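To keep things clear, I will list the structure first and then write my remarks on it.
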Amino acid sequence: MKYVTEFRSSDLAKGLLERIHATSRRRIRLMEFCGGHTVTVFRYGIRKVLPDSIEMVSGPGCPVCVTANSDLDRAIALARLPRVTIATFGDMFKVPGSRGSLQEAHAEGADVRMVYSPLDALRISRENRDRMVIFLGIGFETTAPTVAASVLQAEQEGLENYFVLSMHKICPPALRALADSGEVRLNGLICPGHVSAITGSQAWVPFAKDYGLPCVVSGFEPLDVLQTVWMLVKQIEEGRSEAEIAYRRGVTFEGNTHARRVMAEVFETCEADWRGFGKIPGSGLKLSARFERFDAQEVFDVDPGPAVESVGCQCGAVLRGVVSPPECPLFRKMCTPEDPVGPCMVSSEGSCSTWYQFGGDLES
Amino acid sequence: MCLAIPAKVLSIEQMSAVVDMGGVRREVSLMLTPETAVGDYVLLHCGYAIQRLDEDEALETLRIMQDSGLLEESR
Ligand code: SF4
């Protein structure tokens, strides 16, 4: 078992597809909450082989994309402070804020370093005691525990020059906002696999029960997504609405309780600003009082100035699933991965970047 | 960003492990999955193992997929 190639078998895909075609009767719309699923759907041409009755829309599950300009501006303002080093996941580097990006700040002399892990940021802190190293905490429940663990480790080691700017967000409140708005009619939800590895499928039970929205947690290989679609179609055709798991090898009902404990030790929930949604109560994570000295928001006083949105960019509507990237007038014309206007074109799992990369403009 | 990659745990020393990711070796933290044992496959995200993979469940999933195909063929 390699846990990868097995889940790419075209024979098994054929069987699942036949099953989907044979079972699907109603016209339905399914949302991939997670940008990673959108990538799988496009990379393996899944949209093209599904029955016409099934429409797929992408959702807000791209942490970089939903980061509001006000937060980006703060990160960029921090980068411009003397003796500050910013450590960030690469996806954030090119994202345009209200006035420039981290990349531009870097070109103008700011010390911005791309890292793969918060552990790399800890190492940079250890090796550069004369600098204040701020890690940009971006990500959902998948990533927040890793950043929480890095803060615990910094505390243990007595590292005094490690800070976190937490822009972490949690998924269920955003999904609730999406469902409450009634803006897009959804018949089923492809639930994020690695968020669920932490939260467990229990996180989606309220959506299945209270909103009557069939939910299935999916992995990221093509067979995972096909199996998830099949399970959703079955729920819909049978008139059921449950929170099920297709990704059983990585996700349980309970999730990773230990990781959630680490996360709860370091972070507490707060209001967060989501691109496309605005402020959602209880949807963000900030460092709790005990860890205030690691909190870049508390320690550094910067004025990022007023947040301004790029003119014409439809990222907000794309993230709510109401506009598809080719419907944005800037798509492929003014806005490309080389010269992105909005974050959905920058992040490797942003819808606009996925449509651009896999020729998604040829479909609708 | 929520990408997590399966990796096999080769050795463990305290809270860190050496894993094999398709031929590449890496050191990762087990702070979020302290119950991990040598030989386990874990989901790796940002330098941390965030969950252990369950081989029985993986085989069962493949079996279900197989059955779904066979059912169609025998129809
Ligand atoms: S194509 Fe560019 S400008 Fe249009 S919504 Fe996507 S990121 Fe924004």
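The values are calculated or read from the model by the stated rules, or taken from the named source; none is laboratory data. Please read all numbers here as calculations on a predicted model, not as lab measurements. Please note: Cβ atoms are built from the backbone with ideal geometry, for glycine as well, and neighbour counts cover all protein chains shown. Side chains included, ligands, DNA and RNA excluded: accessible areas come from the protein's heavy atoms. Shrake-Rupley method; radii C 1.70, N 1.55, O 1.52, S 1.80 Å.
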Counted residues in the range A:191-247 being buried (at least 24 other Cβ atoms within 10 Å of the Cβ), within 12 Å of another protein chain (Cβ to nearest Cβ) and assigned to a loop (DSSP other than H, G, I, E, B) come to 5
Sole miss for A:Glu32 among (1) surrounded by fewer than 24 Cβ atoms within 10 Å (Cβ to Cβ); (2) in contact (Cβ under 8 Å) with a residue 60 or more places away in the chain; (3) not small (Gly, Ala, Ser) is condition (1)
Per the filter on the range A:272-301, residues more than 14 Å from the ligand (Cβ to nearest atom), open to solvent by less than 30 Å² (accessible area, probe 1.4 Å) and assigned to a loop (DSSP other than H, G, I, E, B) are A:Ser288, A:Phe300
Of the residues in the range A:302-322, those that are part of a helix (DSSP H, G or I) and touching a Leu at 6+ places or on another chain (Cβ under 7 Å) number 0
>> Among the residues of the range A:255-268, are any in contact with a strand residue (DSSP E or B) (Cβ under 8 Å, 6 or more places away or on another chain), over 30 Å from A:Glu221 (Cβ atoms), open to solvent by 30 Å² or more (accessible area, probe 1.4 Å) and modelled with pLDDT of 95 or more?
In response: yes
Just one listed residue, out of A:Val39, A:Val49, A:Val84, A:Val112, is under 25 Å from A:Arg8 (Cβ atoms) and away from chain B (no Cβ under 14 Å), and it is A:Val49
Among A:Ser347, A:Ser353, the single one that is within 14 Å of chain B (Cβ to nearest Cβ) and not in a helix (DSSP H, G or I) is A:Ser347
Of the conditions (1) in contact with a Leu (Cβ under 7 Å, 6 or more places away or on another chain); (2) closer than 26 Å to A:Val147 by Cα; (3) assigned by TED's automatic domain parsing to the domain that holds A:Leu189, the single one that A:Phe220 does not satisfy is (1)
Item checked: Some residue of the range B:30-44 being under 15 Å from the mean Cα position of the chain (by Cα), among the acidic types (Asp, Glu) and either in a helix (DSSP H, G or I) or surrounded by fewer than 21 Cβ atoms within 10 Å (Cβ to Cβ) (or both) -> yes
Residues of the range A:302-323 being open to solvent by less than 50 Å² (accessible area, probe 1.4 Å) and within 16 Å of the ligand (Cβ to nearest atom), in sequence order, are A:Ser310, A:Gly312, A:Cys313, A:Cys315, A:Gly316, A:Ala317, A:Val318, A:Leu319, A:Gly321, A:Val323
When A:Asn161 is run through (1) closer than 18 Å to A:Cys65 by Cβ; (2) surrounded by fewer than 19 Cβ atoms within 10 Å (Cβ to Cβ), the failure sits at (1)
Pairs returned, first residue in the range A:299-328 that is without any contact (Cβ under 8 Å) to a residue 40 or more places away in the chain, second residue that is open to solvent by 40 Å² or more (accessible area, probe 1.4 Å), beta-carbon separation under 6 angstrom, 6 or more apart or interchain, are A:Val323/A:Gln314; A:Pro326/A:Asp361; A:Cys328/A:Gln314
Going through the range A:147-196 in order, the residues found to be within 16 Å of the chain's Cα centre (by Cα) and closer than 12 Å to A:Phe267 by Cβ are A:Val147, A:Ser166, A:Met167, A:His168, A:Lys169, A:Ile170
